[in-house]
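Note sheet for the following structure.
The values are calculated or read from the model by the stated rules, or taken from the named source; none is laboratory data. Only a predicted model underlies this, so the values are computations on that prediction, with no experimental measurement involved. Because the Cβ atoms are built from the backbone with ideal geometry, glycine has one as well, and the counts that use them run over all protein chains shown. Accessible surface is based on the protein model in full, side chains and every heavy atom, while ligands, DNA and RNA are left aside. Shrake-Rupley method; radii C 1.70, N 1.55, O 1.52, S 1.80 Å.
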Amino acid sequence: MKKIRWGILGTANIAKNSVIPGIQQSETGEVAAIASRDVDKAKEVAQQWNIPLAYGSYEELLADPEIESVYIPLPNHLHKEWTIRAAEAGKHVLCEKPLALDAIEAEEMVEACNKAGVVFAEAFMYRYHPRYTRIREMMDSGEIGEVRAIHGTFTFNNAKDKGNVRYVKEWGGGSLYDVGVYPISAARMLLGQEPQAATVHAFFSEKHDYVDMMASGILEFDKGVALTFDCGMWATFRNTLEIVGTEGRIEVPSAFVVGQNEGDNFFVITGEGRREVEVPKLNQYALQADAIGKSILTGEALTFPARDAVLNMKVLDACLASATERRRVEMNSEGITMDTIAIKGLDKQVSTLIQGSDYFNPDIQEKVNAVLDNFMRIGGNTIDTAHVYGRGQSEIAIGNWLKERNNREDVVILTKGAHPDETGVRVNPEAIAKDLEESLERLGTDYVDLYALHRDDPNVPVSVIIDALNEYIQVGKIKAIGGSNWSVERLQEANEYAASKGLVGFTFSSPNLSLAKAKEPYWEGCISAYKSDCQWYEEQQMPLLSWSSQARGFFTGRFTPEDRSNEDLVRVFYNEENWERYARAEKLAKEKGVSTIQIALAYVLNQSFPTSAIIGAQNEEELQSCLKGSKIELTKEELQWLEEV
């Protein structure tokens, strides 16, 4: 059999002690080269393991036409760069776990490997041992009854080694990244499903760059089944898995790594007693190399495709968010998370990205369905519409989608009413009643989560408006009320009146907020939030849901000061100050390795008060760009530098 010629990018201990011997013992592979930034290190390891070639840079190894596949054991923050570079060089890739720093990076890595037509796998060697096939068969057979819970542990104590890469936060350090991924992946593999929510409590050590040195968590799966787990790098060694059923349990004493003096066997405990299930003692790393080698040689699909690695990364994202923010993090059916904010009056969180729908129409229902399906898939749950959009066609299209998907309770609907018409302003109880009832009928629902008045009329007393809206809250047709294009002065006045009467006031607002500051309203009666307004939002901690959060495409790179073809953009945003903000956003984007428009989105979502951004994404690429932008963290100093020109 032809053997795959492997190259090793780095001289990490996991490579020297486990993966290199595993490949050498495999049927399908041989280690042909190793690379290090220190050529002497590469030569030392090459001599130790009889590797023919030693390179003094990763680039040299990737340029070697004889190398077919590479293993990447580099620190976590380098996984994305070198996976993509290896794929572009035509090499198949086995990347050490965790695959990346987050699911967005993982998606980019998978996309690059797919584009290059190379095999891509995450290095979870334990999964290739046949004992897990036996365990799954026993679970499916009903020998231990219905599965009720899984418990996994992976801890060790290496806390004294302060210089270890595991203790550098920016490099993806921490126990969840390093060993928590094992019980998480095992539960997903054995249950054959993705978790619905994660709750994790962690010990962040100031002595170790504030990485999580210990973490304990629970992942919620379907039918009340849960994984409870703990992982740590400052605790005694443990490495176990237990599957608990109604009639018995399975114990795996050495679940993930097996020492020389330990066995691969596991135990089944039922009413008939405890029995040891013998399995062959095999090199898990050799099994892993052969699984990947056979896929390369025969074209057979991997047992654990790259998509699985992305899903595991999404669960890890949720665990890290839960541990950091001390909250339960919900996930959708694919394990994807998006940041959320809370709005008083709702029992659901509001996603920080809100899908806009002003172009929705039943005539393009297929496109509408695809956009909304993709939006939900990336973790979004909130849709913005209005009574006036498309003369009602937007709401009808959304209603069609809700009916087809039967997912009303998973979605937050933001709709708006009382928009001016040909007769003039319409902020009055009669217009509110008419628009709300028509919106409910079009949407095919008996309530809206968020209802905003599309415009304000300062001539109408706030008492009249608040009284009218509260009638619909009381009968359950509206969950929370807000103003779209209301000044902070009118919002304050309305809420003071509501408080004085024991009524529900505005709990959110939806003006324009963007890095580019509007010189004049984009449409008549529209309101933009400026610095003084943001101070009020910060004081009140009122959620702001921004429309035109990316300034109508100003930051896309399609426009220049000389290009004045878009009259509205020129009228509203073209001035020296905004072009300087563009230049600064472009500079910061290059430093962070993102796009200028993603920095513009991050500006909105990094304010000192709760914010969400209404986006107009129309395809998967635009959605992914927005999702990545929503994950960018900006410091207070960076925000100030971007804005104050």
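I want to confirm something. Restricting to segment 523-558 and keeping residues that are touching a helix residue (DSSP H, G or I) at 6+ places or on another chain (Cβ under 6 Å) and of a type in the set (Phe, Trp, Tyr), which single residue is modelled with the highest pLDDT?
Per the stated criteria, the residue is Trp536.
Name the residues in segment 185-199 that are in contact (Cβ under 8 Å) with a residue 24 or more places away in the chain and within 20 Å of Phe124 (Cβ to Cβ), would you? If you could, list the steps in order and put the result at the bottom.
First pass over segment 185-199, keeping only residues in contact (Cβ under 8 Å) with a residue 24 or more places away in the chain: 185-191, 193-199.
Hits for segment 185-199 are Ser185, Ala186, Ala187, Arg188, Met189, Leu190, Leu191, Gln193, Glu194, Pro195, Ala198.
Please find, within segment 377-393, the residue that is farthest from Gln349 (Cα to Cα) out of those that are of a type in the set (A, V, I, L, M, F, W, C), modelled with pLDDT of 95 or more and open to solvent by less than 10 Å² (accessible area, probe 1.4 Å).
Ala386
Out of Val244, Val252, Val279, Val200, which single residue is in contact with a helix residue (DSSP H, G or I) (Cβ under 6 Å, 6 or more places away or on another chain) and at pLDDT 95 or above?
Being in contact with a helix residue (DSSP H, G or I) (Cβ under 6 Å, 6 or more places away or on another chain) and at pLDDT 95 or above holds for just one of Val244, Val252, Val279, Val200, which is Val200.
Having 1 or more residues that are closer than 27 Å to Ile341 by Cβ and open to solvent by 50 Å² or more (accessible area, probe 1.4 Å) is the bar; report the helices (runs of 4 or more DSSP H) wholly within segment 563-610 that clear it.
The qualifying helices (runs of 4 or more DSSP H) are 576-592.
Anything in segment 205-264 that is without any contact (Cβ under 8 Å) to a residue 40 or more places away in the chain, within 23 Å of Ser322 (Cα to Cα) and touching a Leu at 6+ places or on another chain (Cβ under 9 Å)? List them, or say none.
Ile218, Glu220, Phe221, Asp222
Based on what the data block shows, is Cys534 open to solvent by less than 20 Å² (accessible area, probe 1.4 Å), assigned to a helix (DSSP H, G or I) and in contact (Cβ under 8 Å) with a residue 24 or more places away in the chain?
yes
Taking into account only those residues within segment 611-627 that are of a type outside the set (A, V, I, L, M) and open to solvent by less than 40 Å² (accessible area, probe 1.4 Å), which is modelled with the lowest pLDDT?
Per the stated criteria, the residue is Ser625.
I need the full set of residues from segment 444-457 which are surrounded by 15 or more Cβ atoms within 10 Å (Cβ to Cβ) and either at pLDDT below 95 or within 33 Å of the chain's Cα centre (by Cα) (or both), in order please.
Matches in segment 444-457: Gly444, Thr445, Tyr447, Val448, Asp449, Leu450, Tyr451, Ala452, Leu453, His454.
Cβ-Cβ under 7 Å, sequence separation 6+ or interchain: first residue in segment 313-333 and within 18 Å of Pro183 (Cα to Cα) and touching a residue at least 24 places away in the same chain (Cβ under 8 Å), partner of a type outside the set (S, T, N, Q) and open to solvent by 60 Å² or more (accessible area, probe 1.4 Å). Which pairs?
Short answer, once both residue conditions are applied: Ser322/Arg328; Ala323/His201.
Taking the criterion of being β-branched (Val, Ile, Thr), surrounded by 20 or more Cβ atoms within 10 Å (Cβ to Cβ) and under 30 Å from Ile4 (Cα atoms), would at least one residue in segment 307-329 satisfy it? First the steps, then the outcome.
Of all residues in segment 307-329, those β-branched (Val, Ile, Thr) come to 310, 315, 324, 329.
The next check asks that each one be surrounded by 20 or more Cβ atoms within 10 Å (Cβ to Cβ); those that pass are 310, 315, 329.
Narrowing further to those that are under 30 Å from Ile4 (Cα atoms): 310.
Checking segment 307-329: at least one residue is β-branched (Val, Ile, Thr), surrounded by 20 or more Cβ atoms within 10 Å (Cβ to Cβ) and under 30 Å from Ile4 (Cα atoms).
Kindly indicate which of Leu372, Leu353 is surrounded by 17 or more Cβ atoms within 10 Å (Cβ to Cβ) and touching a Cys at 6+ places or on another chain (Cβ under 7 Å).
Unique residue meeting the criteria: Leu353.
Residue by residue through segment 458-472, note down the ones that are surrounded by fewer than 19 Cβ atoms within 10 Å (Cβ to Cβ) and either of a type in the set (Phe, Trp, Tyr) or out of contact with any helix residue (DSSP H, G or I) (no Cβ under 9 Å at 6 or more places or on another chain) (or both).
Hits for segment 458-472 are Asn459, Val460.
Please identify the pairs in which a residue from segment 270-284 that is under 18 Å from Ile243 (Cβ atoms) has its Cβ atom under 8 Å from the Cβ atom of a residue that is open to solvent by 70 Å² or more (accessible area, probe 1.4 Å) and assigned to a helix (DSSP H, G or I), counting only partners at least 6 apart or on another chain.
Here the result reads Val277/Arg134; Val279/Arg134, each pair linking segment 270-284 to a residue that is open to solvent by 70 Å² or more (accessible area, probe 1.4 Å) and assigned to a helix (DSSP H, G or I).
Filter segment 114-148 down to the residues that are open to solvent by 10 Å² or more (accessible area, probe 1.4 Å) and basic (Lys, Arg), then identify the one that is nearest to Ile292 (Cα to Cα).
Step by step, filter segment 114-148, then rank; the result is Arg127.
Within segment 506-522, does at least one residue satisfy the condition of being charged (D, E, K, R), touching a helix residue (DSSP H, G or I) at 6+ places or on another chain (Cβ under 8 Å), under 19 Å from Ala551 (Cβ atoms) and open to solvent by less than 40 Å² (accessible area, probe 1.4 Å)?
yes
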